[in-house]
Ligand SMILES: CC(C)(COP(=O)(O)OP(=O)(O)OC[C@H]1O[C@@H](n2cnc3c(N)ncnc32)[C@H](O)[C@@H]1OP(=O)(O)O)[C@@H](O)C(=O)NCCC(=O)NCCS
């Protein structure tokens, strides 16, 4: 949908989001955004969903859904106007349910920059545990950043 594309394109091109999601910091043309959406939505070992709360406002995703090891990597990103309203926790809850019931996942994993205190607070609140912290693991174009690896068992 057109509204979805506008929101996703805005997020893909937001410099702060690019840093937080550890993607290459640059301008993404509409064709490149379309290619990214196509990659995510056709990825047979992934799930990509637009978050809607009175209109599209972000996305959640599972990548590397490993049916053998019953694990998946989780990602979430909301537009600024949708933050601080409990939408993130709700979307994460629905994604967890999908991972558990539909995909039979037993564990979710994720990576987050140590400086992303807000995201880490959200994950802690949702009972994700810190597995390890890799020091100076990610180069964001200017600095080497510590990366926190977290996981949650789905029961
Ligand atoms: C990460 C993200 C999904 C969190 O959603 P959100 O709606 O902003 O989260 P909340 O406002 O519910 O905040 C989560 C918790 O962090 C706390 N918090 C808010 N800002 C904070 C800050 N700067 N430092 C520490 N904690 C903070 C909140 O108080 C809240 O805890 P509470 O519910 O117990 O009060 C959202 O901020 C986002 O999309 N950010 C950009 C992309 C991103 O960083 N994605 C994660 C990459 S791994």
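The helix-based estimate of mean residue ellipticity at 222 nm for the chain, built from -39,500 (n - 2.57) per DSSP H run of four or more residues and divided by its residue count, is -9500 deg cm²/dmol to the nearest 500.
By the count of other C-beta atoms within 10 Å, a proxy for reagent exposure, 144, 36 are ordered fewest to most as 144, 36. In this simple spin-label approximation, residue 52 and residue 125 carry label points 7 Å from Cα along the Cα→Cβ vector, and these lie 2.5 nm apart. Start at zero, step by 10 Å, and the Cα-Cα distances of the stretch 1-63 spread as 21, 56, 23, 0 percent across the bins. The alpha carbons of the stretch 2-109 occupy a box of 37, 29, 25 Å along the principal axes, longest dimension given first.
Values quoted throughout were computed directly from the atomic coordinates according to the rules given, and no laboratory measurement underlies them. Because the structure is a prediction, the values reported are computed rather than measured. Positions of Cβ are generated from backbone atoms using ideal geometry, with glycine treated the same way; all protein chains shown enter the neighbour counts.
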